[in-house]
1. Kindly indicate whether any position in region 144-151 is part of a helix (DSSP H, G or I) and either over 30 Å from Tyr64 (Cβ atoms) or of a type outside the set (Lys, Arg) (or both).
2. Return a yes/no flag: does region 37-45 have any residue that is modelled with pLDDT under 90, touching a Lys or Arg at 6+ places or on another chain (Cβ under 9 Å) and either at negative phi or surrounded by fewer than 16 Cβ atoms within 10 Å (Cβ to Cβ) (or both).
3. Of all residues in region 236-255, how many are surrounded by 14 or more Cβ atoms within 10 Å (Cβ to Cβ) and either without any contact (Cβ under 8 Å) to a residue 40 or more places away in the chain or among the charged types (D, E, K, R) (or both)?
4. All but one of (1) over 15 Å from the mean Cα position of the chain (by Cα); (2) more than 21 Å from Ala81 (Cβ to Cβ) hold for Arg242, so report the exception by its number.
5. Could you say whether any residue in region 187-204 is assigned to a helix (DSSP H, G or I), without any contact (Cβ under 8 Å) to a residue 60 or more places away in the chain, surrounded by 18 or more Cβ atoms within 10 Å (Cβ to Cβ) and of a type outside the set (Lys, Arg)?
6. Quick one: in region 117-160, of everything that is free of Cβ contacts under 8 Å to residues at least 40 places away in the same chain and small (Gly, Ala, Ser), which residue is farthest from Asp248 (Cα to Cα)?
7. Identify the single condition in (1) touching a Leu at 6+ places or on another chain (Cβ under 9 Å); (2) in a strand (DSSP E or B) that Val171 does not satisfy, given that it satisfies every other one.
8. Identify all residues within region 105-119 that are in a helix (DSSP H, G or I) and over 19 Å from Pro143 (Cα atoms); write none if there are none.
Amino acid sequence: MLLRLDHGMVGGMPILKTSTHVVRLSAATLAVALLAACATEPEDPVAQQVYLETNDPIEPTNRYVFDVDMAVDEVVITPVATIYNDAIPESYRDGIRNFLDNLQMPITILNSALQGDWENTVEASVSFFINTTAGMGGIFDIPGSFGDQPSKEDFGQTLAAWGVGEGPYVVLPLVGPSNARDTVALGVDILTDPLTYLLSPVWSYARSGSRTVQVRGDNQEQFEGLRRTSIDFYAAVRSLYRQDRNNDIANGDDSPFAFGDDF
């Protein structure tokens, strides 16, 4: 996908204007999904079971958006990610990943506190302070080198911790897989990210573009393998996304993809 808006990461136009457009686009897509979710379920028991398990009431629309997103991915993101992997040594890519992860840490701190997870709140705060100062802005993950790694949190995970269900599955244009809960949370993450108000448009471009390429590069081999081996690539991505988000909510560490960061 071109852009997975996670923890308030935006790109394109100046940040506040971009945020407004993203929220409006996401809200429109969510409204369609919620209206479709109110539609009558299939009467056939087998079809009804499949309908409930996939949780995808606007599947035809989602598939169309998915195809558009994948076309953009193939033409733009994949070539750039390939060059990124080939041209930049792994140690440098690790530094880029650490730096971008550190920029997301304020969102983790806030949402850990909202969830009442004080251990992760403190751990994330300490990690952010140390890496921002001694770690040269986060290029070096000093606590992480000793095995101290706070779990990443966002407002979608907070809503889940508060008992809010995921709602219908949706594919957002140029954003990728999501659901009703995470689409609402997307706007909150954007508005509560301090960098939304601090970054200039140029740095907004740099941040979002770098994050997109970095995550796509990290997952290049797995992603292309999934594309080649899947009978139904759309269904495979949908299933993996839902598994990945459930894994995020449970603070697990067994997902092969980074859908929760960027996809």
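The values are calculated or read from the model by the stated rules, or taken from the named source; none is laboratory data. Everything quoted here is computed from the prediction, not taken from an experiment. Note: ideal-geometry Cβ built from the backbone for every residue, glycine included; neighbour counts use all protein chains shown.
1. Looking for residues that are part of a helix (DSSP H, G or I) and either over 30 Å from Tyr64 (Cβ atoms) or of a type outside the set (Lys, Arg) (or both), one finds at least one in region 144-151, hence yes.
2. no
3. So the count comes out to 11.
4. It fails just one condition, (1).
5. Yes, region 187-204 contains at least one residue that is assigned to a helix (DSSP H, G or I), without any contact (Cβ under 8 Å) to a residue 60 or more places away in the chain, surrounded by 18 or more Cβ atoms within 10 Å (Cβ to Cβ) and of a type outside the set (Lys, Arg).
6. Ala134
7. For Val171, the failing item is (1).
8. Result: Leu110, Asn111, Ala113, Leu114.
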